[in-house]
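Student: A single structure is presented below for examination.
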C-alpha cells in the first residue's frame with residue numbers, strides 16, 4: 001500500500017540568506033499513473049548551488065522556481081509502476097523529480113541506471129550533473145596541457161574534487177582552494193591534489209602564490225569574489241577561466257572583480273557555462289567518469305542528510321560550505 | 001645635407017596621469033647606414049593607448065619602455081638611404097621607428113606601402129594596427145551574425161570607428177559609446193552607426209538600454225569601468241566580449257567590474273586580446289580594410305598634431321579623449 005506523498009515546496013523567496021521559513025512541507029495523494037507515465041519512489045535527492053539562483057525572481061540561467069511548487073532538482077529512485085514501455089517496475093532511474101517522496105514522469109527526463117558497480121547516489125554527483133560539469137569545464141574550456149597548473153575553487157565539493165582529479169590525470173599540477181584545514185587536508189590526501197589553499201586562513205593571495213609558483217594556466221571558478229580575484233592575479237598569458245559558479249555572491253553579496261586588467265594583459269579566455277547547455281557531451285563525459293569510478297581510480301565523497309525534512313537544512317549547509325563532497329538527501 | 005636627428009625619450013615614469021615632464025627632447029647625429037640597414041625619414045608617427053602601459057615599470061602585455069630610450073611606436077616615412085636589397089631610396093615604408101625624425105632599421109619590421117590610393121598616415125590607423133585590431137576582435141572573437149547588436153566603446157576612436165562600420169557591413173545593429181555630443185553625432189552621421197550613447201551625459205546604463213532594445217550580442221570593449229559594467233548588464237545569452245583596452249584604468253584608476261554574474265548567467269565569452277599576437281591575420285584583415293578604404297566604403301578620421309614636439313601633448317590628449325579618430329603626429 002502506498003503511503004501519502006510528502007513534498008517540500010518553495011513557501012517564499014529569500015531576502016538575502018536562505019532560511020527554513022522559505023520552505024514548507026506539504027502532504028498530498030500519490031498521483032495515479034496515466035498512459036505513458038512512470039511512477040518513481042525517490043531514494044535520494046540532490047541539493048545543488050544552482051538552486052539558490054532559481055529561488056530568486058530575477059533573471060538567472062536556470063528558470064525561476066515557482067512559489068508553492070515542489071522544489072525542483074535531481075533524484076534517483078526505483079520505478080514503482082510503469083505505463084511507459086521504456087521503463088519496467090523495479091528499475092533504478094535518475095531524473096529531475098524534485099524534493100518529494102514520489103514523482104511522476106512521462107519518461108522524457110528519466111534514464112535507467114546500472115547500480116551494479118556504481119551506487120545509486122553517485123548518479124547525482126560524480127557520475128551525474130556535477131561530474132559532467134567538471135568534465136566539460138576542464139576539457140572543453142580549460143583544455144589543459146601536461147605540466148600546466150590548474151586551480152579550482154570549492155575544491156572539496158562535488159564538482160571541484162572531480163576537476164582536480166581529472167587535471168592530475170592530464171599531467172597537470174592541481175591546486176585547490178577550500179575552506180578549513182580539514183577540507184584542505186582531504187583535498188590533498190584523498191583526492192590527490194598537489195596543494196590546497198585554505199581561504200579561511202586569511203592569506204588567500206599569498207598562500208595561492210606560494211602554491212602556484214609557475215602561475216595559473218587554467219582556473220575552474222566556482223566561488224567568485226576574493227577567490228576569483230586572487231586567482232586572476234596569478235594567471236599566466238593565454239590562461240583559460242571556466243566560470244562555473246559564483247557561490248560567494250548567491251545571497252546578493254558584492255563580488256566585484258578588481259583584477260580586470262589581467263584579462264586584457266594576459267589575453268585570458270573567460271567563459272561562463274552551464275552544463276545543461278551541453279547535453280550532447282554528457283554520454284562521453286559520464287562514460288569516462290563512470291569507468292574511473294567503477295574501477296576506483298576516481299575518488300568522491302558524499303555528505304548524506306537523512307529524510308525529506310532534512311533537505312532545507314542540507315541545502316543551507318551547502319551554501320555556507322558545511323558539506324564535504326556531494327550533498328544528497330536520503331529518503332528511504 | 002641631413003639635419004640633426006631629434007628624438008623624444010622617456011624621461012621618467014608617470015605617477016598616475018602622464019605629464020609633459022615624463023618626456024624629454026634630445027638631439028643626436030643621424031646614424032650611419034651599415035650593411036643591411038635602411039635609413040628612414042619619418043613623416044608621421046603614431047600615438048596609441050597601449051603606449052601608456054609601456055610607460056609603467058609593471059607587467060603589461062607590451063614590454064616596458066626603457067627610461068632614456070626613444071619612445072617606441074609606429075611610423076610611416078620615406079627611405080632616404082638603403083644598404084638592404086629589399087628597400088630602395090624613395091620608397092614609402094611603415095615601421096616601428098618611434099618618436100624621432102630619422103630611424104634606422106635592419107628592415108625586418110619595415111614594410112613597403114603603396115600610397116597611390118591610400119594616404120600615408122592611414123597606414124598608422126585604419127589600414128594599420130588599429131584597423132587590424134578592429135577586424136580581429138570583431139571577426140575572430142565577436143563573430144557577429146546579421147541582425148545581432150554589437151556595441152563598441154570609444155566608438156569615435158581609431159579602432160572603434162572601424163568596428164562599428166564592419167559590424168554594419170555584417171548586417172548588425174552597431175551602437176557606439178563615446179564622450180560628448182559632437183563625437184556621438186559623427187559616430188552616427190559619419191560612420192553610420194545605428195546609435196551612439198554619450199557617456200558624459202550621465203545616464204549611461206539607461207541610455208545604453210534604450211539604444212539596445214534587443215540586448216547586446218557582441219561587445220568590443222576599449223574602455224572598462226562603467227562602460228564595461230553597463231554593457232555587461234545588457235548582454236544576451238551566449239554573448240561575446242572582445243576585451244581590447246581598458247583606457248579608463250590606464251592611470252591606475254579603479255575599474256572594478258560589478259556585473260560578474262552576467263558572465264555566468266548569460267554564459268558569456270570574454271576574451272582579452274592584443275593584435276600583435278595574431279600577425280598571421282594582418283594581411284587578410286588589412287587587405288579587406290584597404291580595399292574598403294580605397295573605394296571610399298569605409299570612413300575614417302584623423303587628428304593630426306604638427307611637429308615632433310607636439311607628440312607628448314597629442315598622446316596625453318588621446319588618453320583623455322580629446323582626439324577624434326586616429327591621432328597621428330606629422331613630422332614634415
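The values are calculated or read from the model by the stated rules, or taken from the named source; none is laboratory data. Model, not experiment: these values are computed from the prediction. Methodologically, a virtual Cβ is constructed for each residue, glycine included, from the backbone with ideal geometry; neighbour enumeration extends over all protein chains shown.
Student: Considering only residues that are in a loop (DSSP other than H, G, I, E, B) and crowded, with 19+ Cβ neighbours inside 10 Å, which ones fall in region B:74-83? Give the steps one after another, and end with the answer.
Tutor: Initially, region B:74-83 is screened for residues in a loop (DSSP other than H, G, I, E, B), giving B:74, B:83.
If the condition is that a residue be in a loop (DSSP other than H, G, I, E, B) and crowded, with 19+ Cβ neighbours inside 10 Å, then B:74 is the only one that fits.
Conditions tested, residue by residue: (1) without any contact (Cβ under 8 Å) to a residue 24 or more places away in the chain; (2) within 27 Å of residue B:186 (Cα to Cα); (3) surrounded by 16 or more Cβ atoms within 10 Å (Cβ to Cβ); (4) outside the structural domain of residue B:43 (by TED's automatic domain parsing).
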| position | (1), (2), (3), (4) |
| --- | --- |
| B:248 | no, yes, yes, yes |
| B:252 | no, no, no, yes |
| B:268 | no, no, yes, yes |
| B:281 | no, no, no, yes |
| B:291 | yes, yes, no, yes |
| B:308 | no, no, yes, no |
| B:324 | no, yes, yes, no |
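Student: Every residue in region B:59-73 that is within 18 Å of residue B:276 (Cβ to Cβ) and either part of a strand (DSSP E or B) or modelled with pLDDT of 95 or more (or both), please. First the steps, then the outcome.
Tutor: Keep residues of region B:59-73 that are within 18 Å of residue B:276 (Cβ to Cβ), which gives B:59-65, B:71-73.
Passing the criteria: B:71, B:72, B:73.
Student: Could you say whether any residue in region A:92-113 is within 23 Å of the chain's Cα centre (by Cα), free of Cβ contacts under 8 Å to residues at least 60 places away in the same chain, assigned to a loop (DSSP other than H, G, I, E, B) and exposed (fewer than 14 other Cβ atoms within 10 Å of the Cβ)?
Tutor: yes
Student: Can you name the helices (runs of 4 or more DSSP H) wholly within region B:167-278 that have at least 3 residues being over 19 Å from the mean Cα position of the chain (by Cα) and away from chain A (no Cβ under 14 Å)? Can you show your working first?
Tutor: Values: elements: B:181-189, B:204-211, B:226-232, B:260-265.
By residue number, B:181-189, B:204-211.
Student: Could you please let me know if residue A:19 is touching a helix residue (DSSP H, G or I) at 6+ places or on another chain (Cβ under 8 Å), within 30 Å of residue B:267 (Cα to Cα) and outside the structural domain of residue A:159 (by TED's automatic domain parsing)? Talk me through it step by step, then tell me what you get.
Tutor: Values: touching a helix residue (DSSP H, G or I) at 6+ places or on another chain (Cβ under 8 Å): yes; within 30 Å of residue B:267 (Cα to Cα): yes; outside the structural domain of residue A:159 (by TED's automatic domain parsing): yes.
Judged against the criteria, residue A:19 is a match.
Student: Among residues belonging to region B:31-58 that are at pLDDT 95 or above and part of a loop (DSSP other than H, G, I, E, B), point out the one that is nearest to the other protein chains (Cβ to nearest Cβ). I'd like the intermediate steps shown before the answer.
Tutor: Of the residues in region B:31-58, the ones at pLDDT 95 or above are B:33-47.
Filter again for part of a loop (DSSP other than H, G, I, E, B), leaving B:33-37, B:47.
Working: B:33: 37, B:34: 35, B:35: 37, B:36: 32, B:37: 32, B:47: 19 Å.
Here the residue is B:47.
Student: List pairs: first residue in region B:59-73 and within 14 Å of chain A (Cβ to nearest Cβ) and surrounded by fewer than 19 Cβ atoms within 10 Å (Cβ to Cβ), second residue modelled with pLDDT of 75 or more and part of a loop (DSSP other than H, G, I, E, B) anywhere in the structure, Cβ distance under 6 angstrom, at least six positions apart or on different chains.
Tutor: Matching pairs, first to second residue: B:61/B:274; B:64/B:57.
Student: Can I ask one more? Tally up the residues in region A:138-160 that are crowded, with 24+ Cβ neighbours inside 10 Å and touching a helix residue (DSSP H, G or I) at 6+ places or on another chain (Cβ under 7 Å), please.
Tutor: First, pick out the residues of region A:138-160 that are crowded, with 24+ Cβ neighbours inside 10 Å: A:138, A:142, A:149-160.
Narrowing the set further to residues that are touching a helix residue (DSSP H, G or I) at 6+ places or on another chain (Cβ under 7 Å) leaves A:138, A:150-156, A:158-159.
Total satisfying the criteria: 10.
Student: Also, quick follow-up: Among the candidates B:142, B:113, single out the residue that is at pLDDT 95 or above and over 30 Å from residue B:81 (Cα atoms). Spell out the reasoning first.
Tutor: Working: B:113 fails: over 30 Å from residue B:81 (Cα atoms).
Step by step, each of B:142, B:113 is checked, and only B:142 is at pLDDT 95 or above and over 30 Å from residue B:81 (Cα atoms).
Student: Which residue, of B:164, B:171, is crowded, with 24+ Cβ neighbours inside 10 Å, at pLDDT 95 or above, assigned by TED's automatic domain parsing to the domain that holds residue B:266 and under 15 Å from residue B:139 (Cα atoms)? Talk me through it step by step, then tell me what you get.
Tutor: On the way: B:171 fails: crowded, with 24+ Cβ neighbours inside 10 Å.
Of B:164, B:171, the one residue that is crowded, with 24+ Cβ neighbours inside 10 Å, at pLDDT 95 or above, assigned by TED's automatic domain parsing to the domain that holds residue B:266 and under 15 Å from residue B:139 (Cα atoms) is B:164.
Student: Would you point out the residue of region B:239-269, among those that are touching a helix residue (DSSP H, G or I) at 6+ places or on another chain (Cβ under 6 Å) and within 25 Å of residue B:129 (Cα to Cα), that is modelled with the lowest pLDDT?
Tutor: Within region B:239-269, the first condition is being touching a helix residue (DSSP H, G or I) at 6+ places or on another chain (Cβ under 6 Å), and the residues that meet it are B:240, B:242-244, B:246, B:250, B:255, B:257-259, B:262.
Then keep just the ones that are within 25 Å of residue B:129 (Cα to Cα); that gives B:240, B:242-244, B:246, B:250.
On the way: B:240: 98, B:242: 98, B:243: 98, B:244: 97, B:246: 93, B:250: 82.
Within region B:239-269, the match that is modelled with the lowest pLDDT is B:250.
Per-residue answers, yes or no, for (1) over 20 Å from residue B:133 (Cβ atoms); (2) in contact (Cβ under 8 Å) with a residue 12 or more places away in the chain:
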{"residue": "B:295", "(1), (2)": "yes, no"}
{"residue": "B:298", "(1), (2)": "no, yes"}
{"residue": "B:305", "(1), (2)": "yes, yes"}
{"residue": "B:311", "(1), (2)": "yes, yes"}
{"residue": "B:314", "(1), (2)": "no, yes"}
{"residue": "B:318", "(1), (2)": "no, yes"}
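Student: Sticking with this structure for a sec: Considering (1) part of a helix (DSSP H, G or I); (2) at pLDDT 95 or above; (3) over 20 Å from residue B:102 (Cβ atoms), say which one residue B:312 fails and leave the rest.
Tutor: Just one mismatch for residue B:312, condition (3).
Student: Would you check if residue B:285 is closer than 27 Å to residue A:266 by Cβ and more than 14 Å from chain A (Cβ to nearest Cβ)?
Tutor: Values: closer than 27 Å to residue A:266 by Cβ: yes; more than 14 Å from chain A (Cβ to nearest Cβ): yes.
Yes.
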